[in-house]
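The values are calculated or read from the model by the stated rules, or taken from the named source; none is laboratory data. The model shown is predicted, which means the values in this text are computed figures rather than measured ones. Cβ coordinates were reconstructed from backbone atoms using ideal geometry, including for glycine residues, and neighbour counts include every protein chain displayed.
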Amino acid sequence: MSARHPIAIVGGGPAGALAGALLAAGGRDVVLFDEKLAWEKPCGGGLTHKALQQYPFLADAGSESNPVEHCELISPSGQRVRFHMQYPVAIFSRLALNGLLLERARRAGVDVRVDVHKECVTRIAGTGGDWQLVTPQREYRASYLMLAAGARNPFRSQFLSPIPPSDLMVTAGYFIPGRSSLMQIQFLKGITGYIWVFPRADHVSAGIAGKMGETSTAELRRILEQWLEENGFHLDGARFYSHILPSFRAQTFETLEACGEGWAMIGDSAGLVDPITGEGLYYALRSAELCAGALLAGRPDDYRALLEEEVLAELKLAARVSQRFYSGQIFGDSVLERMVSLTAQSASFRDLMSDLFAGIQGYRDLRSRLYRILPSVMAEGLAETLRRPWTNRSSNSGGSEFATDPIAE
Ligand SMILES: Cc1cc2nc3c(=O)[nH]c(=O)nc-3n(C[C@H](O)[C@H](O)[C@H](O)COP(=O)(O)OP(=O)(O)OC[C@H]3O[C@@H](n4cnc5c(N)ncnc54)[C@H](O)[C@@H]3O)c2cc1C
């Protein structure tokens, strides 16, 4: 790697901006390009407790995020349960989150290409430790190349094979004016994905995701609009968005080469998104941290092993069980229906759900925890059934009261 040239980061989303900040703080010369800089990237913006613990400056962001403590799960048949999350999900507007991360990078000393224009990298050439990056403004040289250009990473095919449609989700959504304190997740029949409503500090991000090829974006949009209308949301003043989301199969994760000679991919560029939940922010930040750490230690190739241990092991497991989660059966019912009814009936199961939403319950020890809590879950389920035989046993649970209108100005 030639020390004469800086490290170039293509993409200033969460992955690129954090990598830049860490590298510059470690004394490296870094240049970062983003064609839009801080922007409202289509996203829910939900950050888990695990992410906030790992990156406390995000927990301190105060008014930039909306800490949400209550969640409503809705099964495909319409069973609803609301529960309290012990660790709130911090929901950010992406404009605010990206702005905050880019500002930290700039303050750490990263040359964020903003002075004259936002710079879009249009061409990358070179090899190993000597890269040439072309933007409409000028040409740059770089000793190391970090690709953080997101799911639509235009340079992926120069380094890896393109992402096939079977490894992608399509999403459609709206940024809706208004405020709420309730996060909602609606699972759907025949769609590998879900509808979400994520309330932010001054608006709501509501969207829908489904596997590419399974349903068209137009159909997803229609389903979402109908659901929003039925659930009391009004689209006056709302802004539509749509984007792709990596959702890798297990075999794709198995063969992923996230780095090579003089280059690495981080975040969505590398496909580091949980194929069940669509969570990508934590993995974007974590992969950036691991990659920057390996570079600062002078052992860039260590990124491969660190990523495997810290990120890919979890994501591979999620990919393996994703199909079973969305279309499997358990005890004579669909996994999704059963999950919602157990959340309604059992405090032990609600604790588990709360930890899953906090990101502190991983997939690796999920099965053993399920076995451990099974007796309590069964006993609590039975007690709940006997206690409330005359009501809809899967309705509101967890001891909280909620307004019926999810958007309260
Ligand atoms: C609809 C939707 C909802 C989501 N909700 C959540 C959620 O609630 N929680 C969660 O954890 N994850 C969520 N995700 C995933 C999350 O958005 C991504 O995982 C995250 O943005 C990845 O960060 P990144 O930095 O890798 O990429 P990005 O955030 O996509 O950043 C890439 C950057 O690269 C720039 N760029 C691209 N090409 C070039 C170029 N040629 N030159 C210069 N710059 C370039 C872009 O402008 C962009 O700023 C969601 C995704 C979608 C699509």
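Among the conditions (1) within 18 Å of Ala148 (Cβ to Cβ); (2) of a type in the set (Lys, Arg); (3) crowded, with 18+ Cβ neighbours inside 10 Å, the only one that Lys118 does not satisfy is (3). Number of residues in segment 52-96 that are within 17 Å of Ala21 (Cβ to Cβ), buried (at least 17 other Cβ atoms within 10 Å of the Cβ) and not hydrophobic (A, V, I, L, M, F, W, C): the value is 2.
For segment 71-94, the condition of being away from the ligand (no atom under 14 Å from the Cβ), of a type outside the set (Ser, Thr, Tyr), within 27 Å of Gly280 (Cα to Cα) and assigned to a helix (DSSP H, G or I) holds for none of the residues. In segment 26-46, the residues that are under 22 Å from Asn66 (Cα atoms) and in contact (Cβ under 8 Å) with a residue 40 or more places away in the chain form Cβ pairs under 7 Å with partners that are among the basic types (Lys, Arg) and part of a loop (DSSP other than H, G, I, E, B), at six or more places apart or across chains, as follows: Gly45/Arg200.
When you look at Asp167, is it of a type in the set (Asp, Glu) and within 20 Å of Ile91 (Cβ to Cβ), yes or no? The answer is no for Asp167. No other residue among Ala19, Ala59 is among the aliphatic types (A, V, I, L, M), free of Cβ contacts under 8 Å to residues at least 60 places away in the same chain and farther than 19 Å from Thr277 by Cα apart from Ala59.
The set of residues in segment 222-241 that are over 24 Å from Pro67 (Cβ atoms) and surrounded by 19 or more Cβ atoms within 10 Å (Cβ to Cβ) contains only Leu224.
Each row is one residue, and each column tells you yes or no for (1) in a helix (DSSP H, G or I); (2) charged (D, E, K, R); (3) surrounded by fewer than 16 Cβ atoms within 10 Å (Cβ to Cβ).
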{"site": "Tyr326", "(1), (2), (3)": "yes, no, no"}
{"site": "Arg338", "(1), (2), (3)": "yes, yes, no"}
{"site": "Ser348", "(1), (2), (3)": "yes, no, no"}
{"site": "Leu352", "(1), (2), (3)": "yes, no, no"}
{"site": "Phe357", "(1), (2), (3)": "yes, no, no"}
{"site": "Ile360", "(1), (2), (3)": "no, no, yes"}
{"site": "Tyr363", "(1), (2), (3)": "no, no, no"}
{"site": "Arg372", "(1), (2), (3)": "yes, yes, yes"}
{"site": "Glu380", "(1), (2), (3)": "yes, yes, no"}
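Looking only at residues that are among the small types (Gly, Ala, Ser) and in a strand (DSSP E or B) in segment 31-68, which one is farthest from the ligand (Cβ to nearest atom)? The residue in question is Ser65. The residues of segment 224-252 that are in a helix (DSSP H, G or I) and within 13 Å of the ligand (Cβ to nearest atom) amount to a single one, Leu224.
Among the residues of segment 246-282, which ones are under 18 Å from Asn98 (Cα atoms), within 11 Å of the chain's Cα centre (by Cα) and small (Gly, Ala, Ser)? Gly267, Gly280 - these are the residues of segment 246-282 that are under 18 Å from Asn98 (Cα atoms), within 11 Å of the chain's Cα centre (by Cα) and small (Gly, Ala, Ser). If you check Glu230, Glu225, Glu219 for being touching a Leu at 6+ places or on another chain (Cβ under 8 Å), at pLDDT 95 or above and not assigned by TED's automatic domain parsing to the domain that holds Leu306, only one passes: Glu225. Being surrounded by 24 or more Cβ atoms within 10 Å (Cβ to Cβ) and more than 23 Å from the chain's Cα centre (by Cα) narrows it down to one of Leu23, Leu18, so name that one. Testing whether each residue is surrounded by 24 or more Cβ atoms within 10 Å (Cβ to Cβ) and more than 23 Å from the chain's Cα centre (by Cα) leaves just Leu23.
Let's see how each residue does on (1) within 10 Å of the ligand (Cβ to nearest atom); (2) in a strand (DSSP E or B); (3) in the same structural domain as Leu228 (by TED's automatic domain parsing):
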| residue | (1), (2), (3) |
| --- | --- |
| Cys120 | yes, no, no |
| Gly126 | no, yes, no |
| Tyr140 | no, yes, no |
| Thr171 | yes, yes, yes |
| Gln184 | no, yes, yes |
| Gly190 | no, no, yes |
| Ala201 | no, no, yes |
| Gly210 | no, yes, yes |
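State whether the residues of segment 399-409 include one that is buried (at least 19 other Cβ atoms within 10 Å of the Cβ), at pLDDT below 80 and under 28 Å from Pro275 (Cβ atoms).
Going through segment 399-409, the residues buried (at least 19 other Cβ atoms within 10 Å of the Cβ) turn out to be 406-407.
From what's left, at pLDDT below 80: 406-407.
Checking the rest, the ones that are also under 28 Å from Pro275 (Cβ atoms) come to 406.
Yes, the conditions are met somewhere in segment 399-409.
Need pairs with beta-carbon distance below 6 Å; first residue on the phi > 0 side of the Ramachandran plot and within segment 121-149, second in a strand (DSSP E or B); sequence gap 6+ or separate chains. Matching pairs, first to second residue: Gly126/Gln132. Just wondering, is there one or more residues in segment 108-117 that are within 20 Å of Val10 (Cβ to Cβ), away from the ligand (no atom under 15 Å from the Cβ) and in contact (Cβ under 8 Å) with a residue 12 or more places away in the chain? There is at least one residue in segment 108-117 that is within 20 Å of Val10 (Cβ to Cβ), away from the ligand (no atom under 15 Å from the Cβ) and in contact (Cβ under 8 Å) with a residue 12 or more places away in the chain.
In segment 143-169, of all residues being part of a helix (DSSP H, G or I) and farther than 24 Å from Glu40 by Cβ, the one that is farthest from the ligand (Cβ to nearest atom) corresponds to Ser166.
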